[in-house]
Amino acid sequence: MSRVMRLAVAGVGNNISALLQGLYFYHELLKQHVGSAGLPGILHPRIGGMNVDDVEIVAAFDVRAEIIGQDLHAAIFQAPNNYPHLGVTMPQQAAKVALGLDLDQSGAVVRREQVVDELRRSEAETLLYSLPTGMQWAADAYAQCCLEAGVGFVNCTPEIVARNSEVLAAFVTAGLSLIGDDLASHLGTSVVHRSLLRTISERGLTLRSSYQLNIGGNEDFRNLLQNGGSKKKSKKNALAQSAADLDLIEVVPSAGYISHLKDNKIGMINVEAVGWGGTPVSVDLKLKVQDSSNAAGVIIDLIRIAAAAQRCGLSGFHAAASPMLKSPPFGHPDDEVSAAETALASLEPRVAAE
Ligand code: NAD
């Protein structure tokens, strides 16, 4: 089997722009024989025998009329996408954007057969689900299409897919990977906030209150203003590992859409605690990140884990993905990171031997 994984994507938004441009950014570096230590922003240079550029996008779905039928490498630059141009040379892609699933006026899902056919025709191994937050019907329907077409599923969003035990069991029975839910950004407010809360607790201070506010200027932030319910719960799940009392913590997924911020996200984290003698300690932290790079830096690992596990004959959820998710199906155990590294290593020799 080829080392290059065949990926389908649902939703051709900023995440996919960051992912596709990044694949060619790293391809250029690898062609220059830069060692893995020279790859900026990469946690795992190889997973399951696959380098970071061993990914081909073979099918793409969206519902924006203006990009349907377009080559993927052109579609990613159409507004409202506003991830920056990385200035890399991208060849024409195998995938053109196809019309994805939608709801008709009665609320029934349409184009299921066409999506299943396109997934089969493309011989995709894994579908990356990257739609706007809050569309549970779409997450369910794309997952069902994957089951029918024999394609694994990676859920970037906070919608409940891997945490649905029936769906997880169906993927296990079908011999397919199901990785989710909701990616934890590379260095996002969730991981920074969690570390801060853990430090407060480990140093013996007492948490009094904390909040996390996020603002940005991309479509995700505009959508989260109205449809942030599932994201808010998922962000709380990501903080659960810090042992802090979640009732003391407020999380606002989108405290504002500010168009001139474009794809930059600003996270503001506040922690109020008390130390010796009941005296106060206060931390205010501001994080500024390229929002969709923050996603793609984790997506690159999640999709390779899904493909590598499936190639090894493993199915369902894989523990290697757990620290890279806000809401994995089995929660966040304390030894999550070391368990994930062990799980990841177990994928390597079996695939490399093929
Ligand atoms: P985006 O809004 O830029 O892109 C979403 C795309 O999905 C759009 O192109 C839209 O037209 C398309 N779409 C809408 N309905 C569709 C349908 N029925 N079928 C196919 N396509 C459809 O969003 P994004 O910034 O790429 O983020 C995608 C998801 O990832 C969001 O749910 C976001 O919350 C989640 N996420 C992002 C980050 C991050 O950026 N750091 C982190 C964690 C999770």
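Listing for the model above:
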item: Test set (1) more than 15 Å from the ligand (Cβ to nearest atom); (2) surrounded by 22 or more Cβ atoms within 10 Å (Cβ to Cβ) - residue 148 fails condition number; result: (2)
item: Residues located in the range 195-226, provided they are open to solvent by less than 60 Å² (accessible area, probe 1.4 Å) and within 16 Å of the ligand (Cβ to nearest atom); result: 212, 213, 214, 215, 216, 217, 218, 220, 221, 223, 224
item: The range 220-236 residues that are under 21 Å from residue 192 (Cα atoms), paired with ones that are open to solvent by less than 30 Å² (accessible area, probe 1.4 Å) and among the basic types (Lys, Arg) (beta carbon under 7 Å, 6 or more apart); result: 224/231; 234/326; 235/326
item: Qualifying residue in the range 159-175 (condition: more than 17 Å from residue 5 (Cβ to Cβ), within 12 Å of the ligand (Cβ to nearest atom), touching a residue at least 24 places away in the same chain (Cβ under 8 Å) and of a type outside the set (Val, Ile, Thr)); result: yes
item: Close pairs from the range 264-286: first open to solvent by 20 Å² or more (accessible area, probe 1.4 Å), partner hydroxyl-bearing (Ser, Thr, Tyr) and modelled with pLDDT under 95, Cβ under 6 Å, at least 6 apart; result: none
item: Positions within the range 42-95 being assigned to a strand (DSSP E or B), charged (D, E, K, R) and within 14 Å of the ligand (Cβ to nearest atom), in sequence order; result: 62
item: Residue that is nearest to the chain's Cα centre (by Cα), among those in the range 217-260 that are over 26 Å from residue 83 (Cβ atoms) and hydrophobic (A, V, I, L, M, F, W, C); result: 239
item: Unique match (being under 17 Å from the mean Cα position of the chain (by Cα) and either crowded, with 18+ Cβ neighbours inside 10 Å or more than 21 Å from residue 220 (Cβ to Cβ) (or both)) among 60, 75, 37; result: 60
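Conditions (1) surrounded by 13 or more Cβ atoms within 10 Å (Cβ to Cβ); (2) of a type in the set (D, E, K, R); (3) modelled with pLDDT of 90 or more, marked per residue:
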{"site": "301", "(1), (2), (3)": "yes, yes, yes"}
{"site": "312", "(1), (2), (3)": "yes, no, yes"}
{"site": "324", "(1), (2), (3)": "yes, no, yes"}
{"site": "342", "(1), (2), (3)": "no, no, yes"}
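The values are calculated or read from the model by the stated rules, or taken from the named source; none is laboratory data. The structure displayed is predicted, hence computed values, not measured ones. Every residue, glycine as well, gets a Cβ built from its backbone with ideal geometry; the counts of neighbours run over all protein chains shown. Surface accessibility is based on the protein's heavy atoms, side chains included, excluding ligands, DNA and RNA. Shrake-Rupley method; radii C 1.70, N 1.55, O 1.52, S 1.80 Å.
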